[in-house]
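See below for the structure under consideration.
The values are calculated or read from the model by the stated rules, or taken from the named source; none is laboratory data. Bear in mind the structure is a predicted one, so any value in this text is a computation, not a measurement. Please note: Cβ atoms are built from the backbone with ideal geometry, for glycine as well, and neighbour counts cover all protein chains shown. These accessible areas exclude ligands, DNA and RNA; they are computed on the full protein's heavy atoms, side chains included. Shrake-Rupley method; radii C 1.70, N 1.55, O 1.52, S 1.80 Å.
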Amino acid sequence: MGTKADFVSRCFYPKLGVNEDPVTGSAHCQLAPFWRDVLSLSQFRAQQVSQRGGTVECELKEDRVLISGGCVDYLVGEINI
């Protein structure tokens, strides 16, 4: 892993055909408020420890969770209305 993390996670959704998700921003929007209450912090470095895992920076501001980190495009497209 090599990076100091305030908490780590893994995300599985086998019923939806996802054996393990590499990094899940939506999950960290739920995890950050939980860990805020446990650790008394409002900013976190989270590490998702799946095979293609990564680091997510989380910050709680009022009723929002701001997340940031590196990403890789997996789909590019256009929507015509």
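Is it the case, given these coordinates, that G25 is open to solvent by less than 40 Å² (accessible area, probe 1.4 Å), touching a residue at least 24 places away in the same chain (Cβ under 8 Å) and touching a Pro at 6+ places or on another chain (Cβ under 8 Å)?
Working: open to solvent by less than 40 Å² (accessible area, probe 1.4 Å): yes; touching a residue at least 24 places away in the same chain (Cβ under 8 Å): yes; touching a Pro at 6+ places or on another chain (Cβ under 8 Å): no.
Answer is no for this residue.
Taking the range 49-64, which residues are touching a Pro at 6+ places or on another chain (Cβ under 7 Å) and surrounded by 11 or more Cβ atoms within 10 Å (Cβ to Cβ)? Please lay out each step first, then the result.
Step one: filter the range 49-64 for residues touching a Pro at 6+ places or on another chain (Cβ under 7 Å), giving 50, 52-54, 60.
Passing the criteria: S50, G53, G54, L60.
Just to be sure before I move on: is R45 touching a Lys or Arg at 6+ places or on another chain (Cβ under 7 Å) and open to solvent by 80 Å² or more (accessible area, probe 1.4 Å) in the structure I sent? Walk me through it before giving the result.
Details: touching a Lys or Arg at 6+ places or on another chain (Cβ under 7 Å): yes; open to solvent by 80 Å² or more (accessible area, probe 1.4 Å): yes.
Answer is yes for this residue.
Give me a count of the residues in the range 18-44 that are touching a strand residue (DSSP E or B) at 6+ places or on another chain (Cβ under 6 Å) and part of a strand (DSSP E or B).
So the answer is 2.
Anything in the range 38-59 that is among the polar types (S, T, N, Q) and on the phi < 0 side of the Ramachandran plot? List them, or say none.
Quick first cut of the range 38-59, residues among the polar types (S, T, N, Q) only: 40, 42-43, 47-48, 50-51, 55.
Listed by number, the residues that qualify are S42, Q43, Q47, Q48, S50, Q51, T55.
List the number of the failed condition for G17; all other conditions in (1) modelled with pLDDT under 90; (2) on the phi < 0 side of the Ramachandran plot; (3) over 14 Å from the mean Cα position of the chain (by Cα) hold.
(2)
Residues R52, R64: which one is among the basic types (K, R) and modelled with pLDDT of 80 or more? Give the derivation first.
Working: R52 fails: modelled with pLDDT of 80 or more.
So the residue among R52, R64 that is among the basic types (K, R) and modelled with pLDDT of 80 or more is R64.
Restricting attention to the range 45-58, which residues are assigned to a loop (DSSP other than H, G, I, E, B) and either of a type in the set (G, A, S) or touching a strand residue (DSSP E or B) at 6+ places or on another chain (Cβ under 8 Å) (or both)? Give the steps one after another, and end with the answer.
Of the range 45-58, the ones assigned to a loop (DSSP other than H, G, I, E, B) are 49-53.
V49, S50, G53 - these are the residues of the range 45-58 that are assigned to a loop (DSSP other than H, G, I, E, B) and either of a type in the set (G, A, S) or touching a strand residue (DSSP E or B) at 6+ places or on another chain (Cβ under 8 Å) (or both).
Identify all residues within the range 3-17 that are assigned to a strand (DSSP E or B) and open to solvent by 50 Å² or more (accessible area, probe 1.4 Å); write none if there are none. Step through it out loud before you land on a result.
To start, the set of residues in the range 3-17 that are assigned to a strand (DSSP E or B) comprises 7-9, 13.
Once the filter is applied, which keeps residues that are assigned to a strand (DSSP E or B) and open to solvent by 50 Å² or more (accessible area, probe 1.4 Å), the range 3-17 yields V8, Y13.
How many of the residues making up the range 65-81 are loosely packed, with under 10 Cβ neighbours inside 10 Å and either in contact (Cβ under 8 Å) with a residue 60 or more places away in the chain or in contact with a Ser or Thr (Cβ under 8 Å, 6 or more places away or on another chain) (or both)?
1
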